[in-house]
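None of the figures in this text is laboratory data; all of them are computed from the coordinates on show. Quantities reported herein were computed from a predicted structural model and do not represent experimental measurements. Because the Cβ atoms are built from the backbone with ideal geometry, glycine has one as well, and the counts that use them run over all protein chains shown.
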Amino acid sequence: MFGTFRKHQTWLWAIIITVIVISFVWYFSPDSKFKFSLLGNKPLHVELNGRPVTIGGEPIPQDEEYQNVRKETLLSHFMRNGAWPGNEVSDQEDFKRDVIFRLFLLGKLKELEVHVSEKAVAAMAHDRIGNYPPANFEKDLLQPHGLMLEDFERFCRHETALQQLMSTVAVSAKLLHPREADILYRKEHEESATEAAVFWSTNFVDQVAVTPAAVSNYFARSMRFIACRSGCRSPTSSLRRPIIWPKPTSKSRN
């Protein structure tokens with residue numbers, strides 16, 4: 001046996017070294033923490049109450065995205081209850097259910113392409129921690145539970161987007177008659193051709209020079225116009241027409 005081993009030791013060692021190298025690469029790969037532990041193998045997909053969980057018919061892998069959502073759910077639990085999840089089995093199952101539900105909602109955010117502004121994210125972060133210094137918040141509350149400040153920022157971003165999604169879904173609506181819908185659509189989308197007419201906003205009265213001659217001329221024209229309307233030849237003749245009073249008649253006395 002030893003003679004056979006010595007005879008073929010070259011290619012035997014090649015096989016052994018190849019297997020060892022592949023095993024080490026697989027074990028120490030970045031995804032190994034999601035596949036193996038020191039106590040044994042972890043399931044490659046998420047299980048709830050011993051049964052695999054699917055979203056849209058697809059199993060949920062325990063990848064980096066799942067771990068990030070798990071951290072967000074930890075923060076969400078702490079922000080709502082003021083305490084971190086317990087270590088009991090029932091608490092762990094409830095927490096895992098929350099992770100799955102949040103993972104489903106985040107998938108809807110991607111599907112509907114919901115995006116939020118940096119200002120809204122900053123407002124959400126300030127609403128959660130107030131004036132607590134971010135460095136102290138990370139050191140005192142996040143790091144003891146394996147979280148970092150970037151996990152909190154991602155949580156605030158997704159939380160803001162989820163609130164926007166909820167407000168959009170909860171908008172009240174009512175049924176419309178097809179005729180009313182047609183009128184509203186035409187009102188919003190129908191094009192109109194318009195023309196503008198521009199007028200001066202002044203009559204240039206301030207530029208008129210008022211002189212005694214102009215006033216006299218205006219008065220004379222007005223008098224001639226009145227005379228012509230009344231049938232007179234001229235204003236002068238009408239003004240100079242004498243007034244004849246009737247003579248008194250004498251009465252005889254008896």
Could you give the nm distance between label points at GLU195 and GLU58, where each point is 7 Å from its Cα heading toward the beta carbon?
6.0
Can you tell me the FRET efficiency between ASN87 and ASN131 if r is taken as the Cβ-Cβ distance and R0 is 30 Å, rounded to the nearest 0.05?
0.40
When every alpha-carbon pair in the stretch 47-168 is counted, what percent end up more than 20 Å apart?
46
Kindly state, to the nearest 0.05, the FRET efficiency for ARG80 paired with ASN49, given R0 = 25 Å and r defined as their beta-carbon distance.
0.60
Ranked by how many other beta carbons lie within 10 Å on average, peptides 155-161, 217-223, 187-193 from highest
155-161, 217-223, 187-193
Which of ILE15, ILE100 has the fewest other C-beta atoms within 10 Å, and how do the rest follow up to the most?
ILE15, ILE100
